[in-house]
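Heads up: the structure comes next, in structure tokens.
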Amino acid sequence: MSTYTEDKRKVTTRRLIEMKQRGEKISMLTAYDFSMATIIDQAGMDIILVGDSASNVMVGNITTLPMTLDQMIYHGRSVMNAVKRSLVVVDMPFGTVSGDSLKSLEAAIRMMKETGADAIKIEGGEEISSDIKKIIDAGIPVMGHLGLMPQSINKYGTYNVRAKDKDEAEKLIKDALLLQEIGCFAIVLEKIPSELTKEVASQLNIPIIGIGAGPHADGQVLVMHDMLGINKDFSPKFLRRYADLYSVITEAVQGYIKDVKTMDFPNEDESY
Ligand code: KIV
């Protein structure tokens, strides 16, 4: 199988920063299970995110809020059983990092020990920066997440583009600088104006990974089910679909149903 990258070395946080320095864009995609993570890793992905979007695409919840630490650990372990090269980042679910530094550190240590992941991702800025610092000081690499933060959907009340006004844009830049200062190795910026991404990416030395944040980020992330066209009904402006797996799978399943009903399957060669 051909891979885009010829470099078979394990991706590390240090190598991501080197990629930013030489202008090589970083690829990142979500995965939640062993089989898909095997394919995505072998295809040459730089970062696999075990996102709490598992809540939506694996469980069928409307928001990411119901996801528990145990559930994220289950998905993280499943992905880690597959991955050889990609850097694996697991989302800390809603409520596990929320202002009590000791509790946050305990949850982060459980996540690292029980999944074997390379890093964790945490949504939020200044408000939870002392929790994030404590986690990083304990030796756990953290990817930040600013802009649209789906875990705060009940606070925003909408999934619209964030930081369009001056005050929110200024706060986002301040938060990004703070996350860099306390030691985050990268930051995801979700659904913000392209020009703001450009400004943050140029001010910071650590990689900025965008989703719905335009072309100026140092890398891009998408949810695997969206980019493979497994989800038919989710079509935001920022999404590019690279396959129509909904149709491919429907056709295969209907072919199987037909063959069973017509007794075409199994034939002699498929029997003992
Ligand atoms: O949970 C997730 O999949 C994410 C991405 C959308 C960045 O956080």
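The values are calculated or read from the model by the stated rules, or taken from the named source; none is laboratory data. All figures in this text were calculated on a predicted structure; none of them were measured in a lab. Using ideal geometry, Cβ is built from the backbone for each residue, glycine included, and neighbour counts are taken over all protein chains shown.
With Asp226, Asp264, Asp233 as the choices, which residue is assigned to a helix (DSSP H, G or I) and charged (D, E, K, R)?
On the way: Asp264 fails: assigned to a helix (DSSP H, G or I); Asp233 fails: assigned to a helix (DSSP H, G or I).
Every option except Asp226 fails the conditions.
Does Thr197 satisfy the condition of being free of Cβ contacts under 8 Å to residues at least 24 places away in the same chain, assigned by TED's automatic domain parsing to the domain that holds Asp165 and not in a loop (DSSP other than H, G, I, E, B)?
yes
Quick one: is Lys121 without any contact (Cβ under 8 Å) to a residue 40 or more places away in the chain and among the charged types (D, E, K, R)?
Considered against the rule, which asks whether it is without any contact (Cβ under 8 Å) to a residue 40 or more places away in the chain and among the charged types (D, E, K, R), Lys121 comes out as no.
Which members of segment 200-219 meet the condition of being of a type outside the set (Gly, Ala, Ser), touching a strand residue (DSSP E or B) at 6+ places or on another chain (Cβ under 6 Å) and either closer than 18 Å to Arg15 by Cα or touching a residue at least 60 places away in the same chain (Cβ under 8 Å) (or both)?
Ile206, Pro207, Ile208, Ile209, Asp218
Cβ contacts < 8 Å: first residue touching a residue at least 12 places away in the same chain (Cβ under 8 Å) and closer than 17 Å to Glu127 by Cβ, restricted to segment 155-181; second residue of a type in the set (Val, Ile, Thr) and in a loop (DSSP other than H, G, I, E, B), any location; separation 6+ or different chain. Result?
Arg162/Ile192; Ala163/Ile192; Leu172/Ile192; Gln180/Ile206
When residues of segment 19-51 are filtered for being touching a residue at least 12 places away in the same chain (Cβ under 8 Å), under 19 Å from His225 (Cα atoms) and part of a helix (DSSP H, G or I), how many remain?
The qualifying residues number 8.
Can you tell me which condition Leu16 does not meet? The list is (1) touching a residue at least 40 places away in the same chain (Cβ under 8 Å); (2) assigned to a helix (DSSP H, G or I); (3) away from the ligand (no atom under 16 Å from the Cβ); (4) out of contact with any helix residue (DSSP H, G or I) (no Cβ under 9 Å at 6 or more places or on another chain), and all the others hold.
Condition not satisfied by Leu16: (3).
Looking only at segment 207-257, count every residue that is away from the ligand (no atom under 16 Å from the Cβ) and aliphatic (A, V, I, L, M) and tell me the total.
7
Do we find a residue being β-branched (Val, Ile, Thr), buried (at least 21 other Cβ atoms within 10 Å of the Cβ) and closer than 16 Å to Pro141 by Cα anywhere in segment 100-117?
Filtering segment 100-117 for residues β-branched (Val, Ile, Thr) gives 109, 115.
Now narrow it down to the ones that are buried (at least 21 other Cβ atoms within 10 Å of the Cβ): 115.
Going one step further and asking which of them are closer than 16 Å to Pro141 by Cα, we end up with 115.
For segment 100-117, residues β-branched (Val, Ile, Thr), buried (at least 21 other Cβ atoms within 10 Å of the Cβ) and closer than 16 Å to Pro141 by Cα: present.
To keep it simple, each residue is scored yes or no on (1) polar (S, T, N, Q); (2) within 13 Å of the ligand (Cβ to nearest atom); (3) modelled with pLDDT under 95.
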| position | (1), (2), (3) |
| --- | --- |
| Ser35 | yes, no, no |
| Asp41 | no, no, no |
| Leu49 | no, yes, no |
| Met58 | no, yes, no |
| Asn61 | yes, yes, no |
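Provide a single number: the residues in segment 59-71 that are crowded, with 16+ Cβ neighbours inside 10 Å and free of Cβ contacts under 8 Å to residues at least 40 places away in the same chain.
So the count comes out to 2.
Please go through segment 164-194 and pick out each residue that is in contact with a Lys or Arg (Cβ under 8 Å, 6 or more places away or on another chain) and either in a helix (DSSP H, G or I) or within 16 Å of the ligand (Cβ to nearest atom) (or both).
Taking segment 164-194 as the starting set, the residues that turn out to be in contact with a Lys or Arg (Cβ under 8 Å, 6 or more places away or on another chain) are 168, 172, 182-183, 188, 190-193.
Those that are in contact with a Lys or Arg (Cβ under 8 Å, 6 or more places away or on another chain) and either in a helix (DSSP H, G or I) or within 16 Å of the ligand (Cβ to nearest atom) (or both): Glu168, Leu172, Ile182, Val188, Glu190, Lys191, Ile192.
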